[in-house]
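Chemist: Let me give you the structure first, and then I'll get to my questions.
Bear in mind that the values in this text are calculations on the coordinates, not laboratory data. Keep in mind the model is a prediction, meaning the values are calculated, not measured. Reconstructed Cβ throughout: ideal geometry from the backbone, glycine too, with neighbour counts over all protein chains shown.
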Amino acid sequence: MIGGGLATVEDPRWPGYRHNIHSFFHRALDQLPWYRELELERRGARYVEPELNVALLLKSGDALCWWTDFDRTAESFAQFSARDAATLKRWRDAFVPILEKILGPEARRPPIDADVRKKTLERTAEGRLLLETSALSPLEFVEREFEHPVVRAGLLFFNGLREVDLRLRGFGHHIPALLASPAKAQMCLGGAARLADALAAAVRESGGEIRTACEPKRIVVERGRVVGVETTEGELIRARFVASSLNPQQTFIDLLESVPAEVRAKAEKFEYNLLAPLFALNLVLKAPPRYRTLDKPFMVILGLERYEQFNEIVRYHEAGRIPPTVMWGACPTLFDPSQAPAGGHTAFMWEKLPYRLQSGHWDQARDAHAGQMLELWTQYAPNLADDTIGWFARTPLDTERSLPNMRYGDLLVGSFANGQVGYDRPFRGAGQYRAPIEGLYLCGSSSHPGGNVTGLPGYNAAQVLLADLGLAEFGPRH
Ligand SMILES: Cc1cc2nc3c(=O)[nH]c(=O)nc-3n(C[C@H](O)[C@H](O)[C@H](O)COP(=O)(O)OP(=O)(O)OC[C@H]3O[C@@H](n4cnc5c(N)ncnc54)[C@H](O)[C@@H]3O)c2cc1C
């Protein structure tokens, strides 16, 4: 199937109800350079950015809200703590130029060596503030800067959604960067798969060919240079270069027959996120979930009351146990009726759960856990008791089964720990999209800037590739 993490499907039991079984929230996607360059809106990928963008709903009915309008967000924070609202504004103002001048451009071009980067950053006040903030972990940053437990929980959860390990030093800047970012959650009209369809149209209109139901058996190397791919059907597709969006184990161990021992060892050591795998509950509905105190929220976070829950969730993951549920999701049809038959609705909730259960197996535990999530959801939106027509659930194991590059259900296709960041992602020597084998390139989420639907690993890889092909005018843009 075309699209990977851009999948919109129907359950044959309830035709016409469309579900986005992998990615759904696409952050400021229509602001990304490739979206404009490939004219994806014209090709059918249109985005909406709902106003009440994110709401952390508490059992009391109070909610911490992120609006597309920053002042409304600050007002919501002030309802919990005036001091935190002031801190929010201060960090947002400090990080707007950092985002515009440093972090944004860094994500959109091939990464540079960490030492060179550090020296460059040390030359400006903004760079120094970025380095100082990065030295902390997200947890340390939030504990140092914010006081209210709900604000702390909201900020950390929101950041954790991006699967950064909240305890990891080197990522303290993620929270102020999020606060400063004008980039809000968006959804693709018609479903996430529409973006894949638009991309496919761009490829075909440029003379490209896309093969589905076609599996690579090996990447073919002749005299030390990659010369093509052989399919499991035995066809040899010759090419000037091969670009792999698969993970390092797939690319370097499964698909390459002979790899230098040092490269193989690095690929073997590539690590995955413990906290990324998701369990998904998808509902088919007669009416949207109705929350007492929220009108048309986009992303809703439920079950999170205290920020200490993070440490508990980590401990449960480490032990392979299911923690008390904290979940988030949306009702896409509130903003896009085309994703269900007239009058009908779809909604989903995701929960971070361990890939491996200490006791039992996901295939047996799936339905019972989905039932518990629905029960909790109904406490916040009581109409679900009457308005649910049906549901289905997917486990972290199901994610890996449909997308094997997401090893261990890691939807980011590789952790940011273990040094796997920037110039060293996936590992030193392959961090600029050129694999250490001539003619082979990397272009998936195991490369900078990492997972989620940003298109940037591919966009950056294309810059490197085109430069290597002598099409310099498309080379890295600094
Ligand atoms: C439940 C869930 C929810 C998510 N929600 C969001 C979200 O809201 N927002 C967001 O931005 N991201 C989200 N993500 C993450 C996002 O989907 C991924 O980070 C993104 O799709 C990774 O892109 P990629 O191109 O690296 O890999 P993929 O999108 O997985 O693409 C890899 C492609 O390679 C194919 N492939 C794998 N192995 C082989 C093989 N051996 N041979 C041939 N082909 C192969 C796959 O079929 C797939 O088509 C979510 C993921 C999941 C699972």
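Chemist: Bin width 20 Å, origin at 0, all Cα-Cα pairs of the chain: what percent of pairs per bin?
Modeler: 23, 58, 19, 0
Chemist: What percent antiparallel are the DSSP beta bridges of the chain, to the nearest 5?
Modeler: 85 percent
Chemist: OK, next. Per residue of the chain, what 222 nm ellipticity follows from adding -39500 (n - 2.57) for every DSSP H run with n ≥ 4, rounded to the nearest 500?
Modeler: Taking each H run of at least 4 residues, the total per residue is -9500 deg cm²/dmol.
Chemist: How high is the relative contact order of segment 1-146, given as a whole-number percent (alpha carbon pairs under 8 Å, six or more residues apart)?
Modeler: Relative CO of segment 1-146 lands at 10 percent.
Chemist: Still on this structure, I have one more. Could you work out, for segment 172-254, what percent of all Cα-Cα pairs fall into each 5 Å distance bin, beginning at 0 Å and stopping at the bin that holds the largest distance?
Modeler: Here the calculated profile for segment 172-254 is 3, 10, 13, 15, 13, 14, 10, 9, 8, 3, 0.
Chemist: What percent do you get for the relative contact order of segment 69-183 when only Cα pairs under 8 Å and 6+ apart count?
Modeler: That works out to 34 percent.
Chemist: Now for a separate question. Have a look at Ile437, Ala192, Phe158 and report the one farthest towards the positive end of the charge dipole of the chain, computed about the Cα centre with Cβ charges (Lys/Arg +1, Asp/Glu -1).
Modeler: It is Ile437, whose Cα lies furthest towards the positive end.
Chemist: Among the listed pairs Lys89/Lys184; Lys119/Lys184; Lys59/Lys352; Lys101/Lys266, which are separated by more than 24 Å between their Cα atoms?
Modeler: Beyond 24 Å between Cα atoms: Lys119/Lys184; Lys101/Lys266.
Chemist: For segment 265-295 and segment 303-361, what is the separation of their C-alpha centers, rounded to whole Å?
Modeler: Distance between centres, Cα-based: 5 Å.
Chemist: Straight-line reach only, C-alpha to C-alpha below 19 angstrom: list the aspartates and glutamates that Lys118 could link to, leaving out same-chain residues fewer than 8 apart.
Modeler: Glu100, Glu106, Glu126, Glu132, Asp424
Chemist: With Cβ to Cβ distances under 9 Å as the rule, what net charge do the other residues near Lys217 carry (K, R +1; D, E -1)?
Modeler: -2
Chemist: Order these peptides, 258-271, 429-442, 76-89, by their mean beta-carbon neighbour count within 10 angstrom, highest first.
Modeler: 429-442, 76-89, 258-271
Chemist: For the chain, what is the relative contact order in percent, using Cα pairs closer than 8 Å and at least 6 residues apart in sequence?
Modeler: Reported relative contact order: 20 percent.
Chemist: Cα-Cα pairs above 24 Å in segment 69-183: how many percent?
Modeler: Tail of P(r) above 24 Å: 24 percent of Cα pairs.
Chemist: Would you kindly calculate the mean projected area, averaged across all directions, of the convex hull enclosing the Cα atoms of segment 1-122, in square nanometres?
Modeler: For the Cα atoms of segment 1-122, the hull's average projected area reads 12.6 nm².
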